[in-house]
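Here is the structure we will look at, set down as structure tokens.
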Amino acid sequence: MIQASCDLSAADLEFVSELLRKETAIVLGEAKKYLVSSRLKSVASEEGFPGVAPLVAALRAAPNGKLRRAVVESLTTNETYFFRDESLWKYLRTTLVPALINKREGERALNIWCGASSSGQEPYSLAILLHDDFPALRGWRVRIVASDVDESILSKAREGLYDQFEVNRGLPARALVSHFERAGTKWRVREPLRKWIDFRKVNLIGPWGDLGRPDVVFMRNVLIYFDQQARRGVLERVAQVLRPDGNLILGSSEVSHPLTGLFLPVDRPSGTHALATANPAR
């Protein structure tokens, strides 16, 4: 493998940043130069380029091919872990899910969309919570759609294969024993739990496909990377697909983002996540 230089000119940073913005609505800037350089260095090495500059030159010459996908996917942020934000999962367990069960008793169906599922820890955490804490849901139609823009990270999520470090981050020991099996030095989510989740590629600024009418939409820690116009557009579309009495859950860094006219804020026991319902008056 060729060892690549990580030099990144201001012009190349601007080109790559604009490419990513058009493709995913994620906004980068000069402050992200080190991150961009580091990730493009890895792509350059994998694709056989002697440095970042030749990689970007090739991308400029053929911006719509396989290289474009590799660059875009390398720059999407995929930081996640099991049961991230403990207070949120406590709120789901004690308040939101019990209320949903009461509201949907007649239908005996739940539809949940994880809109930025990354490598799968969030939807698997949700499936574990629903399975272990709510036996009343057995016999219900429970649909969890988990989407991401990065096809390579979705492949990992579908496989459900995690190393020791990943399962040590937030996953309770009892959940590891109950829902995972050894796969060499790693752990794989057991097939019954994997079947709960429909992983699919969705670009939040592109077509979404058939999501049904979700009762809950998780859109955590993704809108912070969008500019205001793109963020507003995504929230408007969420408001259109979410059931009128459904819930939107945002990340802890997104509490201050405006939901004006689209959603109604929900009182919650802590300020570590944003929770809202669709606004029937919109």
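The values are calculated or read from the model by the stated rules, or taken from the named source; none is laboratory data. Since this is a predicted model, take the numbers as computed values, not measurements. Counting neighbours? That spans all protein chains shown, and the Cβs are built from the backbone with ideal geometry, glycine included.
A few remarks follow.
- Region 131-146, subset surrounded by 16 or more Cβ atoms within 10 Å (Cβ to Cβ) and either in contact (Cβ under 8 Å) with a residue 60 or more places away in the chain or charged (D, E, K, R) (or both), residue farthest from residue 112 (Cα to Cα): 131
- Listed by position, the helices (runs of 4 or more DSSP H) enclosed by region 40-150 that each have at least 2 residues that are modelled with pLDDT of 85 or more are 52-61, 86-91, 97-103, 121-133.
- Qualifying residue in region 203-215 (condition: on the phi > 0 side of the Ramachandran plot, modelled with pLDDT of 80 or more and out of contact with any Leu (no Cβ under 7 Å at 6 or more places or on another chain)): yes
- Residue within region 182-200 that is touching a His at 6+ places or on another chain (Cβ under 6 Å) and surrounded by fewer than 16 Cβ atoms within 10 Å (Cβ to Cβ) present: yes
- Qualifying residue in region 171-178 (condition: in contact (Cβ under 8 Å) with a residue 40 or more places away in the chain and closer than 25 Å to residue 211 by Cβ): no
- Any hit, region 57-75, residues being among the aliphatic types (A, V, I, L, M), in contact with a strand residue (DSSP E or B) (Cβ under 8 Å, 6 or more places away or on another chain), buried (at least 16 other Cβ atoms within 10 Å of the Cβ) and touching a residue at least 40 places away in the same chain (Cβ under 8 Å): yes
- Looking across region 91-121, the residues that are free of Cβ contacts under 8 Å to residues at least 60 places away in the same chain and within 28 Å of residue 163 (Cα to Cα) come down to 92, 93, 118, 119, 121.
- Failed item, numbered, when residue 238 is tested on (1) within 17 Å of the chain's Cα centre (by Cα); (2) of a type outside the set (D, E, K, R); (3) over 17 Å from residue 266 (Cα atoms): (3)
- Applying the set (1) within 21 Å of residue 247 (Cβ to Cβ); (2) buried (at least 16 other Cβ atoms within 10 Å of the Cβ) to residue 119 leaves exactly one unmet item: (1).
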